[in-house]
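The values are calculated or read from the model by the stated rules, or taken from the named source; none is laboratory data. On a predicted model such as this, the values are computed, not experimentally measured, just so you know. Here Cβ is always computed from backbone atoms with ideal geometry, including for glycine, and neighbour counts include all displayed protein chains. Protein only, heavy atoms only, side chains kept; ligands, DNA and RNA dropped before computing areas. Shrake-Rupley method; radii C 1.70, N 1.55, O 1.52, S 1.80 Å.
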Amino acid sequence: RPRVLSGIQPTSGSFHMGNYLGAVRQWVALQETHDAFYMVVDLHALTLPQDPRELRANTRLAAAQLLATGLDPERCTLFVQSHVPEHAQLSWVMECMTGFGEASRMTQFKDKSSRHGADRTSVGLFTYPILQVADILLYQADQVPVGEDQRQHIELTRNIAERFNGRYGETFTVPEPYILRETAKIFDLQDPTVKMSKSSSSPKGIIDLLDDPKASAKKIKSAVTDTGSEIRFDPEQKPGVSNLLTILATLTDVTVAEVEQKYAGKGYGALKTDLAEVVSEWAAPFSARTREYLDDPETLDSLLAEGAEKARSVAAETLAQAYDKVGLLPGK
Ligand code: AQP
């Protein structure tokens, strides 16, 4: 079985529809066909200031949401990044393999650092793509299921893996991004030209999966659509409507063309009402399942401990190889 690896940050509580449709939904499908490793990337969350108690709670909450979407610890390895110290250990080696200029070209860093200002930008935010390189290479992942915003980081991972292999001999699998075209980028409801994002969308622009269904319905109904009244999938001319069509088609497991056809001749109102209904039907059982996992933190923690143990057995082997290749003296 080919191997996949991916992660999600435990920031700001609820996952949003972009996280789910862009990434986590694929994770659930891939656990059936792939040797799958998924993690809550708590170390990545530290790139921005976090309240310690909230971070701990949000890490459990993220794991509970992943289980609630259908990840099954019998079929995949689910763990918390900081429980596997090899991530931070390999990251240092990878930092030493990365050019400063190369790291400076990461557009996500440029966006986030310009938003936060130099004083609130940590060195960790700058090096976080390199920790991600380590995350992926430790598991010799063949594919990395992510949203479009991560494509550049996967490209960096490929470059560094190739560089390491070239310099020290075949060590790492060079991974491919696994990005589904249709859902690679889910857009902000209020500004459908930018991605739906925890840190930069306004609350009205985000469908939070754990939100009260009434609140989500209200946001969907006030989503910015386009002038004209025709329901047509046309991301250039009609980004708002196209975004709603994508979300509806994916959640109901049909093609965008089918949804387009169904709404031919109808108004935006009908599309929004139906989408609100579909989101609420999806989200209610999801929230209930998330709560069940949270209500039993002991079981949740022991699932995560088992996941970390499985992950560590793979990660430790790769780290030992990498340390050996670069010439670090093995300890006793
Ligand atoms: N809008 C999106 N459309 C498609 N995929 C998306 N992802 C995030 N937003 C969208 C994908 O979700 C996965 C987990 O992302 P993350 O843990 O990196 O979360 P994030 O990047 O913190 O989420 P945001 O909302 O994008 O936050 P900011 O803006 O703070 O970085 C990833 O695979 C990501 O591609």
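Between Glu309 and Asp72, how high is the FRET efficiency from 1/(1 + (r/R0)^6) when r is the Cβ-Cβ distance and R₀ = 22 Å? Nearest 0.05.
So the FRET efficiency works out to roughly 0.80.
Can you give the Rg to Rh ratio for the stretch 175-332, taking only C-alpha atoms and Rh from Kirkwood?
Value, to two decimals: 1.16.
Could you name the aspartates and glutamates in cross-link range of Lys112, using Cα to Cα under 13 Å and dropping any fewer than eight places away on the same chain?
Qualifying aspartates and glutamates at Cα under 13 Å: Asp149.
Using Cα pairs closer than 8 Å and at least 6 residues apart in sequence, work out the relative contact order for the chain, in percent.
Numbers: 520 pairs, mean separation 74.4, N = 332.
Reported relative contact order: 22 percent.
How much accessible area per residue does the chain have, in Å², with a 1.4 Å probe?
Accessible surface, normalised per residue, equals 47 Å².
May I ask you to list the aspartates and glutamates whose Cα is less than 15 Å away from that of Lys204, ignoring any residue fewer than eight positions away on the same chain?
The qualifying aspartates and glutamates are Asp188, Asp191, Asp212.
With respect to the cross-link table entries Lys214/Lys238; Lys185/Lys238; Lys218/Lys238; Lys198/Lys221; Lys221/Lys266, which display a Cα-Cα separation exceeding 18 Å?
Among Lys214/Lys238; Lys185/Lys238; Lys218/Lys238; Lys198/Lys221; Lys221/Lys266, the Cα-Cα distance tops 18 Å for Lys214/Lys238; Lys218/Lys238; Lys198/Lys221.
Express the carbon and sulfur contribution to the solvent-accessible surface of the stretch 222-265 as a percent, rounded to the nearest whole number, probe 1.4 angstrom.
49
How much length would be gained if the chain were fully extended between Val123 and Glu176, taking 0.36 nm per residue of separation minus their Cα-Cα distance, in nm to one decimal?
Extra length available between Val123 and Glu176 comes to 16.4 nm.
Please report the net charge: other residues with Cβ closer than 13 Å to the Cβ of Leu271, K and R +1, D and E -1. The partial results should precede the final answer.
On the way: positive: Lys221, Arg232, Lys238, Lys262, Lys266, Lys272; negative: Asp226, Glu230, Glu260, Asp274, Glu277.
Cβ neighbours under 13 Å give a net charge of +1.
For Phe37, list long-range residues whose amide hydrogen, built 1.01 Å from N in the peptide plane, is under 5 Å from its own amide hydrogen.
Val4, Leu5, Ser6, Thr77
Using just the Cα positions, wrap the stretch 23-173 in a convex hull and report its mean projected area in square nanometres, one decimal place.
On the way: hull surface 37.9 nm².
Mean projected area for the stretch 23-173: 9.5 nm², to one decimal.
Only loop residues by DSSP count here, and only those with at most 14 other Cβ atoms within 10 Å; note down the GluC sites (Glu not before Pro) in the stretch 1-79 that meet that.
Sites meeting the loop and neighbour criteria: Glu32, Glu74.
Loop only per DSSP, at most 16 neighbouring Cβ atoms within 10 Å: give me the trypsin sites (Lys or Arg not before Pro) in the stretch 266-295, ordered by residue number.
Lys266
Could you compute the net charge surrounding Leu67? Neighbours are other residues with a C-beta less than 15 Å from the C-beta of Leu67; K and R count +1, D and E count -1.
-3
What does the net charge come to around Asp301 if you take all other residues with beta carbon closer than 14 Å to its beta carbon, with K and R at +1 and D and E at -1?
-4
Can you give me the % of accessible surface on the stretch 121-198 that is carbon or sulfur? Probe 1.4 Å, all protein chains present, nothing else counted.
48
For the stretch 153-251, which GluC sites (Glu not before Pro) pass both filters: DSSP loop (anything but H, G, I, E, B) and at most 10 other C-beta atoms within 10 Å? Spell out each step's value before the answer.
Details: sites: Glu155, Glu162, Glu170, Glu182, Glu230, Glu236; in loops: Glu170, Glu182, Glu230, Glu236.
Counting only loop positions with at most 10 other Cβ atoms within 10 Å, the GluC sites (Glu not before Pro) in the stretch 153-251 are Glu170, Glu236.
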